[in-house]
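Student: Here it is, the structure, as structure tokens.
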Amino acid sequence: MRFRIDPNELGTARFRTALYRTADAPPGEWRFTLYAAGEGVSLSRVLPVLHSLGVEVVDERPYQLESTGDGSEWIYDFRLRVVSAVLRTRLDPELEADLDRPADSASEGIARRFTAAFEAMWFGSAEIDTLNELILCAGLHWRQVVVLRAYAKYLKQAGFSYGAAGITRVLLAHPEMSHGFVRLFEAYFDPDGSGESAHGIAEWLEAEIDAVVSLDTDRVLRAVLGVVTATLRTNYFRRDAEGEPPAHLSLKFDPQSIGVLPQPRPKYEIFVYSPRVEGVHLRFGAVARGGLRWSDRLEDFRTEILGL
């Protein structure tokens, strides 16, 4: 049996993934290989991660490798089928082009984005939810999806009338708009950006929203655009000495520019998000004491901080 991951080249690796397509496979049918050393991997842990990326698992075959060490080594081979809705709404007509390239290709296509997203969810750097389908249909990296997820979480705690599930549903139904929100965010804050005009992107997004027929969709898209344009600062582009991004995302807002926020509106809000914690810091002046306060009321921590 041949895999895109060569057992003879694993060396000291403990975990590795690969996405590819066989020569005779029809469009939308891929193979995913997972190598794990030390212990076996349960299907109940793998399947939700793959499903969140917009693929169905058609079959799975585990292979235990001969090992000279004390632990076991396994290669799991999955046959995947991309969900038809994802294929139908994808922005990139050449989505599968890099799946036939060598595994060490420098391409930033779907093979690399898919495996990076899988590993981020596997190790807890990203949440497992359907918003990850934007990696396939909108051509986003998993960290770009985190930005949209954080905005959805912020709107939820701000009292927006549509929950995270409703916001996710609209973003998935409009992948071009989702990609546009990320483009706008990066145009505002990326220090190494392409020079794309944030004003031009915002005007395009406004025009696209004006063309929307559904009132619910209009409200959701305008709310997302509103929080993106009201963002003042972020730590998204920071890197540590090893070049790694922070484990959390922080977004500083101008609350006066966000129409969905309840009163009283502070001078600034800083929303902190990661898969492990969410919190909001409200500042009613340029200099303010305090910080994030712990609350065991998971659905209304904004009220807890305001003391209402």
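Student: I'd like the full set of residues that are over 20 Å from the mean Cα position of the chain (by Cα), closer than 25 Å to A202 by Cα and either in a loop (DSSP other than H, G, I, E, B) or in contact (Cβ under 8 Å) with a residue 60 or more places away in the chain (or both), limited to region 225-252.
Tutor: If the condition is that a residue be over 20 Å from the mean Cα position of the chain (by Cα), closer than 25 Å to A202 by Cα and either in a loop (DSSP other than H, G, I, E, B) or in contact (Cβ under 8 Å) with a residue 60 or more places away in the chain (or both), then A230 is the only one that fits.
Student: Name the residue that is farthest from V228 (Cα to Cα), counting only residues in region 269-278 that are in contact (Cβ under 8 Å) with a residue 24 or more places away in the chain and in a strand (DSSP E or B).
Tutor: Restricting to residues being in contact (Cβ under 8 Å) with a residue 24 or more places away in the chain and in a strand (DSSP E or B), the top hit is E278.
Student: Related question: Is there any pair linking a residue in region 180-208 that is farther than 13 Å from R222 by Cβ to one that is crowded, with 18+ Cβ neighbours inside 10 Å and aromatic (F, W, Y), with Cβ under 8 Å and at least six apart or on different chains, and which?
Tutor: F185/Y236; F189/Y236
Student: Mind checking which residues of region 156-170 are modelled with pLDDT of 95 or more and more than 12 Å from the chain's Cα centre (by Cα)?
Tutor: I167, R169, V170 - these are the residues of region 156-170 that are modelled with pLDDT of 95 or more and more than 12 Å from the chain's Cα centre (by Cα).
Student: Among the residues of region 259-268, is there at least one that is open to solvent by 70 Å² or more (accessible area, probe 1.4 Å), in contact (Cβ under 8 Å) with a residue 60 or more places away in the chain and either among the basic types (K, R) or in contact with a Pro (Cβ under 9 Å, 6 or more places away or on another chain) (or both)?
Tutor: The answer is no, given that none of the residues of region 259-268 is open to solvent by 70 Å² or more (accessible area, probe 1.4 Å), in contact (Cβ under 8 Å) with a residue 60 or more places away in the chain and either among the basic types (K, R) or in contact with a Pro (Cβ under 9 Å, 6 or more places away or on another chain) (or both).
Student: Which residues, taken from region 23-40, are in contact (Cβ under 8 Å) with a residue 24 or more places away in the chain and crowded, with 16+ Cβ neighbours inside 10 Å?
Tutor: Of everything in region 23-40, those that are in contact (Cβ under 8 Å) with a residue 24 or more places away in the chain and crowded, with 16+ Cβ neighbours inside 10 Å turn out to be G28, E29, W30, R31, F32, T33, L34, Y35, A36, A37.
Student: Name the residue that is nearest to T168 (Cα to Cα), counting only residues in region 183-197 that are open to solvent by 20 Å² or more (accessible area, probe 1.4 Å) and part of a helix (DSSP H, G or I).
Tutor: R183
Student: Grab the strands (runs of 3 or more DSSP E) fully contained in region 17-93, keeping just those with 2 or more residues being of a type in the set (K, R). Break it down stepwise before answering.
Tutor: On the way: elements: 29-37, 55-65, 73-82.
Here the list reads 73-82.
The values are calculated or read from the model by the stated rules, or taken from the named source; none is laboratory data. For clarity, every value in this text was computed on a predicted model and none was experimentally measured. Backbone-built Cβ (ideal geometry, glycine too); neighbour counts: all protein chains shown. These area figures cover heavy atoms from the full protein model, side chains too; ligands, DNA and RNA do not enter into them. Shrake-Rupley method; radii C 1.70, N 1.55, O 1.52, S 1.80 Å.
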